[in-house]
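A.B. asks: Can you read through this structure? Questions will come right after.
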Amino acid sequence: KRRLVVKIGTSSLILPNGRVNLRTVDRLAYTLASLNNQGFQVALVSSGAIGAGLASLQLTQRPQEIAKQQALAAIGQMELMRIYSQRFLDYQTQVAQILLTRDVLAFPVSRQHVLNTFEVLFEEGVIPIVNENDTVAVDELDHHTTFSDNDELSAMVAVRLQADQLIVLSDIDGFYDQNPRENPAAKKLARVTELTPAMQKAAGGSGSNFGTGGMVTKLRAAQAMMTAGKQMVLCNGANPTVIFDVVAGKPVGTVFG
Ligand code: ADP
């Protein structure tokens, strides 16, 4: 069976007013449930817990304090899963939650337990929804346990699951030869088979910042997939039904690999 991992970023899930983008969630649930019905094995990696937590508490700004962010993640993760669970059930599909930290995937024993769980869920036609366990993992506290971003997490999960494709939904329709927000002449790359230094530079350069979020982590994810001989497709998450086109091999977004 064809196996897919889909990653959706905060920018696609949370509206500028801080609320969960229900239209996106609904279309995502519809699309993944349909593919699941057609026999695809699908896992979803979803960000947005802190955003959903802010909305639940009617806050508009992310707090500075780490413990407060973790508390928001704990609240928001449930709210997000509640919304997903409801929407997926509308399309007759059961979901399950898998929260991970880096060490869980690094240690062979815990990793195997996680992978076994995924296999049973796939066999049962349940869609696993994965996120980093934010209340345990904090970048500032321990670099060994955290993923810098769900882009990296999604790639690790996809590689370990031997998924055929990782589909990354972002707020942009692909990878450009320059940052399009800074340079209007930037051109979208339809296909990338090898990451060049020029591409790294276009993503914000390697080591220029801490390398969290943005294109830097997406290129890292792409590299991980290509090294494993698999594909990553980066495309716009504004309308998740785009996943149907990706799966059908139509030219959307940027294909890595
Ligand atoms: P998400 O929340 O979906 O992970 P991010 O905001 O982290 O999204 O990353 C997407 C953003 O990366 C784009 O909106 C764009 O502003 C920025 N970006 C930087 N360099 C590039 C590039 N070369 N091509 C496309 N986007 C780029």
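The values are calculated or read from the model by the stated rules, or taken from the named source; none is laboratory data. Bear in mind the structure is a predicted one, so any value in this text is a computation, not a measurement. All Cβ positions, glycine included, derive from the backbone under ideal geometry; neighbour counts span all protein chains shown. Note: areas computed on protein heavy atoms with side chains; ligands, DNA, RNA excluded. Shrake-Rupley method; radii C 1.70, N 1.55, O 1.52, S 1.80 Å.
A.B. asks: So for the chain, considering every pair of alpha-carbon atoms, how many percent are separated by more than 33 Å?
C.D. replies: Tail fraction, whole percent: 14.
A.B. asks: If you build a Gaussian network model of the chain, linking Cα atoms that sit under 10 Å apart, which residue out of L153, L99, L13 swings the most?
C.D. replies: Per the Cα network of the chain with a 10 Å cutoff, L99 tops the list.
A.B. asks: Between A185 and A67, what length comes free when the chain is fully extended (0.36 nm per residue of separation minus the Cα-Cα distance, one decimal in nm)?
C.D. replies: Roughly 38.3 nm would be gained on extension.
A.B. asks: When ranked by the protection proxy of mean other Cβ atoms within 10 Å per residue, highest first, what sequence do the peptides 157-165, 122-130, 101-109 form?
C.D. replies: 157-165, 122-130, 101-109
A.B. asks: Please give me, ordered by residue number, the trypsin sites (Lys or Arg not before Pro) of the stretch 1-82 that lie in loop per DSSP and have at most 11 other Cβ atoms within 10 Å.
C.D. replies: Hits after loop and neighbour filter: K1.
A.B. asks: When Lys and Arg each count +1 and Asp and Glu each count -1, what net charge do the other residues less than 14 Å away from N21, Cβ to Cβ, add up to?
C.D. replies: +1
A.B. asks: Using C-alpha positions alone, give me the convex hull volume of the stretch 1-124 per residue in cubic angstrom.
C.D. replies: About 109 Å³ per residue, rounded to a whole number.
A.B. asks: Give me the accessible area per residue for the stretch 1-149, probe 1.4 Å, as a whole number in Å².
C.D. replies: Computed with neighbouring chains in place, this is 50 Å² per residue.
A.B. asks: Below 10 angstrom from the Cβ of D164, what's the summed charge of the other residues (Lys, Arg +1; Asp, Glu -1)?
C.D. replies: Residues near D164 contribute +4 overall.
A.B. asks: From the helices alone, meaning DSSP H stretches of at least four residues, give me the mean residue ellipticity at 222 nm for the chain, per-run term -39500 (n - 2.57), in deg cm²/dmol to the nearest 500.
C.D. replies: Helix contribution divided over all residues of the chain: -13000 deg cm²/dmol.
A.B. asks: Continuing with this model, one more query. Go through K187/K230; K1/K250; K7/K187; K230/K250 and tell me which ones have a Cα-Cα distance over 22 Å in this structure.
C.D. replies: Exceeds cut-off: K187/K230; K7/K187.
A.B. asks: Given springs between every Cα pair under 10 Å in a Gaussian network model of the chain, which of A43, A198, A96 has the largest fluctuation?
C.D. replies: Between A43, A198, A96, it is A198 that shows the largest mean-square fluctuation.
A.B. asks: Of L219, L57, L32, which has the largest mean-square fluctuation in a 10 Å C-alpha GNM of the chain?
C.D. replies: Of L219, L57, L32, the most mobile in the Gaussian network model is L57.
A.B. asks: So what is the relative contact order for the chain, in percent, with contacts set as C-alpha pairs under 8 Å and at least six apart?
C.D. replies: Averaging sequence separation for qualifying contacts and normalising by length gives 22 percent for the chain.
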